[in-house]
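What follows is one structure encoded as structure tokens, with my remarks underneath.
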Amino acid sequence: MQIKRLARNFYTKPTLGVAKNLLGKYIVRKWRGKKLKGMIVETEAYIGPQDRASHAYRWKITNRNKVEYLAGGRVYIYLVYGMYWQLNIVTNRKGHPECVLIRAIIPDDLEFKSLVNGPGKLCRYLKLDKSFYAENLIKSKRIWLEDRGIKIKPKDILATPRIGIDYAGPYWAKRKWRFLIK
């Protein structure tokens with residue numbers, strides 16, 4: 001098995017495709033001399049200025065979301081409800097603020113499987129916090145994504161509406177931009 005760190009050109013493609021292509025890739029977090037890792041099994045896409053559920057809706061720029069405007073391959077992490085970190089991967093080209101939320105992984109250490117079935121739990125398991133904001137996944141020594149040669153076929157991907165975005169209105173809430181391995 002050949003393991004290869006994902007390069008910038010993987011992330012700088014259209015977001016809906018990246019969200020699907022992240023399925024089967026591995027996230028690796030180096031922490032206190034060991035590696036916490038797992039296969040990505042659930043993602044959710046946010047396609048920027050036209051997407052009412054996106055933090056960059058209507059080209060909005062804030063201190064929280066400005067990393068979305070960089071070229072794909074950066075970490076966009078933020079706190080929700082004052083207690084849960086959410087790990088997003090910036091996608092597309094510079095100036096096109098889009099991202100993919102990583103919703104779930106299957107960890108290599110299956111003892112922790114129940115700890116990674118949601119974005120907040122995933123961040124807790126990987127020991128992620130605000131210090132990862134804008135981290136460059138291509139060069140980072142503490143977090144990166146790997147291709148381990150696992151190919152997920154389109155027929156094995158389930159597309160469903162995104163979760164928790166009813167505030168964006170029915171059209172955007174019903175977009176089937178949440179992707180899971182069947």
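Quick notes on this one:
- Each residue in region 21-55 was checked for being more than 16 Å from the chain's Cα centre (by Cα), in contact (Cβ under 8 Å) with a residue 24 or more places away in the chain and farther than 17 Å from residue 137 by Cα, and 3 pass.
- Pick from region 59-101, criterion part of a loop (DSSP other than H, G, I, E, B) and hydroxyl-bearing (Ser, Thr, Tyr), ranking: surrounded by the most Cβ atoms within 10 Å (Cβ to Cβ): 62
- Within region 102-141, considering residues that are charged (D, E, K, R) and in contact with a helix residue (DSSP H, G or I) (Cβ under 6 Å, 6 or more places away or on another chain), the one surrounded by the fewest Cβ atoms within 10 Å (Cβ to Cβ): 121
- Count of residues meeting criterion [farther than 17 Å from residue 168 by Cβ and in contact with a strand residue (DSSP E or B) (Cβ under 7 Å, 6 or more places away or on another chain)] in region 52-74: 6
- Search result, residues across region 39-56 that are farther than 15 Å from residue 97 by Cα and either surrounded by fewer than 23 Cβ atoms within 10 Å (Cβ to Cβ) or among the hydroxyl-bearing types (Ser, Thr, Tyr) (or both): 39, 41, 43
- Applying the condition of being modelled with pLDDT under 95, more than 14 Å from the chain's Cα centre (by Cα) and not acidic (Asp, Glu) to region 107-148 and asking which residue is farthest from residue 30 (Cα to Cα) yields 114.
The values are calculated or read from the model by the stated rules, or taken from the named source; none is laboratory data. Note that the coordinates shown come from a computational prediction; the quantities given were computed from them, not determined experimentally. In this analysis, Cβ positions are derived from the backbone assuming ideal geometry, glycine residues included, and neighbour counts consider all displayed protein chains.
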